[in-house]
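Peer 1: Have a look at this one.
The values are calculated or read from the model by the stated rules, or taken from the named source; none is laboratory data. All of these numbers come straight from a predicted model, not from anything done at the bench. Here the Cβ is made from the backbone with ideal geometry for all residues, glycine too, and neighbour counts use every protein chain on show. Only protein heavy atoms, including side chains, enter the accessible area calculation; ligands, DNA and RNA are left aside. Shrake-Rupley method; radii C 1.70, N 1.55, O 1.52, S 1.80 Å.
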Amino acid sequence: MENQIVTRRLSELRSSEQGVIVKVYGRGAFRNRITEMGFIRGKCVTVIKNAPLQDPVEYEIMGYHIALRRAEAQLIEISVSGDLPSAARREGIGTFQNESANRFLHEQGKVINVALVGNPNSGKTSLFNAASGSRERVGNYGGVTVDAKSAVMRRGGYRIDIVDLPGTYSITEYSPEELFVREHIQQKMPDVVINVVDASNLERNLYLTTQLIDMDLKVVIALNIYDELEQMGARLDYDMLGKMIGIPIVPTVASRNQGIGELFDTVIDVFEDNEPTVRHIHINYGQDVEKSILELQNLIWKNADVVARYSSRYLAIKLLEGDRTTAALCTRCTNYTEIEELAVRERSRLEKAYGEKVETIIADAKYGFISGALQETYTGNPSLKNEKASRIDRVLTHKWLGVPIFIAMMWLMFQTTFTLGGYPMEWLEDLFAWLGGAVSSVMVDGTLKDLLVDGIINGVGGVIVFLPNILILFFFISLMEDTGYMARAAFIMDRAMHKIGLHGKSFIPLLMGFGCNVPAIMATRTLESRKDRILTMLVIPFMSCSARLPVYTLLIAAFFPRNQGLILLSIYAVGVLIGIFSSVLMKKFFFRKEEAPFVMELPPYRIPTAKSVVRHMWGKGVQYLKKMGSVILIASVIVWALMTYPKNLDYAQDYDSMRQSVDLSMLPDETKEERLYEIDIEEAAEHQEKSYIGRLGHFIEPAIRPLGFDWRIGVSLISGFAAKEIVVSMMAVLANSEEDEEATFTENLQNLTYSSGPQKGQKVFTPLVAYTMMIFILLYFPCIAAIVAIRREAGWRWAVFSVIYTTALAWILSFLVYQGGLLLL
């Protein structure tokens, strides 16, 4: 049996334990000193003893005894073989001789941790997909990546673990994604950072590069979208630029998988310290600022455990800028009070001398450095790339035409969703109706037959028929995103958003909400103000997500044969209007006016690739199908079981006796059949009402009766708490007709009648009831996943508030629509 090999940090070993060094983290003087003392990959190290106060710890390596603090030992990763006797582990001077351990050591030493860092819309995720074969969502606007995505690739004998971090313009602390990226780099300490730079927008993108230089990281620049730079007629001597800034630069076109191999070959060279371009440079911030930086560094250097992890120069710069996160990090320094006092004093001195904030002074110096570097290496006119966009924007963002064009595009999207999607939807409806009838005809009556036909085929089939509509909707959304129109829509709506208390950048998460509320809520991280983020995520649930679309499609197709696109557009418009109302209301009572500037990149227009559009469509289709095979299948079976049981009921009438009396009567055979059929229907209806699900429905019916809903609609709405698609599945099971087993779902819904009470025999659904139900579905209770997302981003208090507020608002508006409709009609 092979030895079990695990990796740990050296600081975790107890006395007499030993392991083999796999990787040394840290930076600067610490890393140099530790490697000079023999702490290098492949060497065996043994814990001798702890100091009386448990720190430092004495280690043996290469025959020497060396003391390290635990904080420094924590930066050394080791492999441990759990069951080898101590004497068998070493031979000679610190060489591990066990075959299994050596193989493991080799494998661990062949792992490179890479982080992708870059501006929003620089093509990071496209590069991530091209390198790893992943299928993460990409889009031609900022904020598509809102969390870290990881994948693995293999090249040159190495396993490369890649993490795609959210796009950020800088590594400051103004927004959550900036802090997220910075903390990932500082805490995870990737071996190499790939800085993805938009080649067509070098000056702005290289600002982030200067911050990575300050952090003293191993960096490789992926000069992405390089084809656009060449199309502009520009030229960049990227080899010279790389030598000037000490970072190797590799041109790439990630969308076409060009340059990816060369990029990761360079990553391997940098990791192995075989890339001659690599050197650490200092950006000159001017004599006064440099003096302040050096004085702070002199104090920070007294804390060996801190400078082992972080660049002292970077910490000094951030302290001068007044960065609170860095100040909190430096509280672990033994001389923190002295550092803080010096930082405050030097910041005040510089701001008095320059008449500017230190942040501005340093930013100006960074852009001066970038400009100087580009003057020597870049030729071309960057403004040429904007000429095409400007011509298109003259129409699409016109003062008077912009909004009507946007509304017309929305109407076209919805109308096409119905028109084109209607044909395959009918084919699928007929298919499942035929399938239900076929299975019913070949199986003997019993529980299994009822489960297959009434539970699974009707339940799942009732939802899957809307897959074509989902695909068409996301085809249009993908086109808007990939062409760059999505960002223009935010530009068009900024003034209106500002009027209702929302930030202009909130429009992007709101538009994303029409696809799915969960990533839209996560996308609020791109907003700098916490108040703006919370307000936006509370409004997002009113943006009708694609999960609600099957309900709308079903009801509109059944009860609104004319102007279907207009009816659907009106539902979406109601959601937008309610979102506006809610924003104004909450801004007034919960979020006092807090202005944040509207700063948003308008990306160049790009022709979307068929691969990207199809990937987006199919990704959503797969998500939808997965729900069919999991959540909705289970829900359909549960609904069927609750509707089927209990089997033995006390019926209001003796249906068996009624059938017997009809059989013995002298009525014509045709009349007998009709009467017996009516008795079967009456018995089935009573059984449904007295089943477990019927009892639940009747329990909540008084609360929803003012909205025109019966108990079956009420039960369907409750099921939508988990996922809105389940509403359709529930209705499919409850509306299943005993009269015509081959009838389509739509026909069953149109023919559904009240089985008892004063409305007995009347239709459950009318166009007014159908429209009211769509309003309720639009507004009430965000799905569980959305609630969890709000809780994660804003806390339980706002998640609970969202549940109560949306459901109460749904009831009130549905009441007004239904009762107002009754008065008018």
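Peer 1: Could you tell me how many of the residues in the range 153-184 are under 25 Å from residue 25 (Cβ atoms) and either acidic (Asp, Glu) or not in a loop (DSSP other than H, G, I, E, B) (or both)?
Peer 2: Total satisfying the criteria: 19.
Peer 1: Related question: Assigned to a helix (DSSP H, G or I), modelled with pLDDT of 90 or more and within 27 Å of residue 26 (Cβ to Cβ), is that true of residue 187?
Peer 2: Taking the combined requirement at face value, the residue does not satisfy it.
Peer 1: Looking only at the range 395-411, which residues are free of Cβ contacts under 8 Å to residues at least 12 places away in the same chain, in a helix (DSSP H, G or I) and open to solvent by 50 Å² or more (accessible area, probe 1.4 Å)? Before the answer, list the steps.
Peer 2: Filtering the range 395-411 down to residues free of Cβ contacts under 8 Å to residues at least 12 places away in the same chain leaves 395, 398-401, 404-405, 407-408.
Filter once more, keeping what is in a helix (DSSP H, G or I): 395, 404-405, 407-408.
Of everything in the range 395-411, those that are free of Cβ contacts under 8 Å to residues at least 12 places away in the same chain, in a helix (DSSP H, G or I) and open to solvent by 50 Å² or more (accessible area, probe 1.4 Å) turn out to be 395, 404, 407, 408.
Peer 1: Same structure, new question: Looking at the range 224-261 only, could you name the residues that are more than 18 Å from residue 125 (Cβ to Cβ), open to solvent by 30 Å² or more (accessible area, probe 1.4 Å) and either touching a strand residue (DSSP E or B) at 6+ places or on another chain (Cβ under 7 Å) or not aliphatic (A, V, I, L, M) (or both)?
Peer 2: Matches in the range 224-261: 230, 231, 233, 235, 237, 238, 239, 243, 251.
Peer 1: State the number of residues belonging to the range 262-320 that are within 29 Å of residue 237 (Cα to Cα), assigned to a helix (DSSP H, G or I), open to solvent by 40 Å² or more (accessible area, probe 1.4 Å) and not hydrophobic (A, V, I, L, M, F, W, C).
Peer 2: Residues in the range 262-320 being within 29 Å of residue 237 (Cα to Cα), assigned to a helix (DSSP H, G or I), open to solvent by 40 Å² or more (accessible area, probe 1.4 Å) and not hydrophobic (A, V, I, L, M, F, W, C): 3 in total.
Peer 1: Take the residues in the range 653-673 that are in a loop (DSSP other than H, G, I, E, B) and surrounded by fewer than 11 Cβ atoms within 10 Å (Cβ to Cβ), then tell me which one is modelled with the lowest pLDDT.
Peer 2: My answer is 666.
Peer 1: Test of understanding: among 741, 747, which residue is in contact with a Ser or Thr (Cβ under 6 Å, 6 or more places away or on another chain), open to solvent by 30 Å² or more (accessible area, probe 1.4 Å), modelled with pLDDT under 80 and not small (Gly, Ala, Ser)?
Peer 2: Details: 747 fails: in contact with a Ser or Thr (Cβ under 6 Å, 6 or more places away or on another chain).
Within the list 741, 747, the selection yields 741.
Peer 1: Name the residues in the range 237-253 that are out of contact with any Ser or Thr (no Cβ under 7 Å at 6 or more places or on another chain) and charged (D, E, K, R), would you?
Peer 2: Result: 239, single match.
Peer 1: Considering each residue of the range 412-442, count those that are under 29 Å from the mean Cα position of the chain (by Cα) and open to solvent by less than 40 Å² (accessible area, probe 1.4 Å), and give that number. I'd like the intermediate steps shown before the answer.
Peer 2: Our first condition is that a residue be under 29 Å from the mean Cα position of the chain (by Cα); within the range 412-442, this holds for 412-418, 421.
Imposing the further condition that a residue be open to solvent by less than 40 Å² (accessible area, probe 1.4 Å) reduces the set to 413-414, 416-418, 421.
Within the range 412-442, residues that are under 29 Å from the mean Cα position of the chain (by Cα) and open to solvent by less than 40 Å² (accessible area, probe 1.4 Å) number 6.
Peer 1: Taking residue 134 as the residue in question, decide whether it is at pLDDT 85 or above, among the small types (Gly, Ala, Ser), surrounded by fewer than 22 Cβ atoms within 10 Å (Cβ to Cβ) and within 16 Å of the chain's Cα centre (by Cα).
Peer 2: Judged against the criteria, residue 134 is not a match.
Peer 1: Listed residues 50, 32; which is modelled with pLDDT under 80 and open to solvent by less than 70 Å² (accessible area, probe 1.4 Å)?
Peer 2: That would be 50, the only listed residue that is modelled with pLDDT under 80 and open to solvent by less than 70 Å² (accessible area, probe 1.4 Å).
Peer 1: Within the range 95-107, is there a residue that is within 29 Å of residue 266 (Cα to Cα), open to solvent by less than 50 Å² (accessible area, probe 1.4 Å), modelled with pLDDT under 65 and of a type in the set (Phe, Trp, Tyr)?
Peer 2: Yes: the range 95-107 contains one or more residues that are within 29 Å of residue 266 (Cα to Cα), open to solvent by less than 50 Å² (accessible area, probe 1.4 Å), modelled with pLDDT under 65 and of a type in the set (Phe, Trp, Tyr).
Peer 1: Could you please find all residues in the range 324-336 being under 24 Å from residue 179 (Cα atoms) and surrounded by fewer than 21 Cβ atoms within 10 Å (Cβ to Cβ)?
Peer 2: 324, 325, 327, 328, 329, 331, 332, 333, 336
Peer 1: Restricting attention to the range 550-571, does a residue exist that is modelled with pLDDT of 70 or more and within 30 Å of residue 172 (Cβ to Cβ)?
Peer 2: No, the range 550-571 contains no residue that is modelled with pLDDT of 70 or more and within 30 Å of residue 172 (Cβ to Cβ).
Peer 1: Being among the aliphatic types (A, V, I, L, M) and open to solvent by 50 Å² or more (accessible area, probe 1.4 Å) is the filter; apply it to the range 53-76 and report the residue that is modelled with the lowest pLDDT.
Peer 2: Residues of the range 53-76 that are among the aliphatic types (A, V, I, L, M), as a first pass: 53, 57, 61-62, 66-68, 71, 73, 75-76.
Now drop any that are not open to solvent by 50 Å² or more (accessible area, probe 1.4 Å), which leaves 53, 62, 67.
Working: 53: 63, 62: 77, 67: 81.
So the residue we want is 53.
Peer 1: Would you confirm whether or not the range 234-248 contains a residue that is within 30 Å of the chain's Cα centre (by Cα) and either of a type outside the set (Val, Ile, Thr) or modelled with pLDDT of 95 or more (or both)? Before the answer, list the steps.
Peer 2: Let us first name the residues in the range 234-248 that are within 30 Å of the chain's Cα centre (by Cα), namely none.
Among the residues of the range 234-248, not one is within 30 Å of the chain's Cα centre (by Cα) and either of a type outside the set (Val, Ile, Thr) or modelled with pLDDT of 95 or more (or both), which makes the answer no.
Peer 1: Another question, if that's okay. Which of the residues spanning the range 203-216 are open to solvent by less than 20 Å² (accessible area, probe 1.4 Å) and of a type outside the set (D, E, K, R)?
Peer 2: Those that are open to solvent by less than 20 Å² (accessible area, probe 1.4 Å) and of a type outside the set (D, E, K, R): 205, 206, 208, 209, 210, 211, 212, 213, 215.
Peer 1: Just to be sure, is residue 204 under 13 Å from residue 370 (Cα atoms) and charged (D, E, K, R)?
Peer 2: yes
Peer 1: Residue 200 passes all but one of (1) open to solvent by less than 10 Å² (accessible area, probe 1.4 Å); (2) part of a strand (DSSP E or B); which number fails?
Peer 2: Going through the list (1) open to solvent by less than 10 Å² (accessible area, probe 1.4 Å); (2) part of a strand (DSSP E or B), residue 200 breaks only (2).
Peer 1: I'd like to check something: does the range 364-373 contain any residue that is of a type in the set (A, V, I, L, M), touching a helix residue (DSSP H, G or I) at 6+ places or on another chain (Cβ under 8 Å) and surrounded by fewer than 18 Cβ atoms within 10 Å (Cβ to Cβ)?
Peer 2: Scanning the range 364-373 turns up at least one residue that is of a type in the set (A, V, I, L, M), touching a helix residue (DSSP H, G or I) at 6+ places or on another chain (Cβ under 8 Å) and surrounded by fewer than 18 Cβ atoms within 10 Å (Cβ to Cβ).
Peer 1: Moving on. Just for the range 37-47: of the residues that are more than 22 Å from residue 306 (Cβ to Cβ) and at pLDDT below 80, which one is surrounded by the most Cβ atoms within 10 Å (Cβ to Cβ)?
Peer 2: Going through the qualifying residues, I end up with 38.
Peer 1: Condition first: of a type in the set (Val, Ile, Thr) and either part of a helix (DSSP H, G or I) or surrounded by fewer than 21 Cβ atoms within 10 Å (Cβ to Cβ) (or both). Now tell me which residues in the range 449-488 satisfy that. First the steps, then the outcome.
Peer 2: Going through the range 449-488, the residues of a type in the set (Val, Ile, Thr) turn out to be 453, 456-457, 460, 463-465, 470, 472, 477, 483.
Once the filter is applied, which keeps residues that are of a type in the set (Val, Ile, Thr) and either part of a helix (DSSP H, G or I) or surrounded by fewer than 21 Cβ atoms within 10 Å (Cβ to Cβ) (or both), the range 449-488 yields 453, 456, 457, 460, 463, 464, 470, 472, 477, 483.
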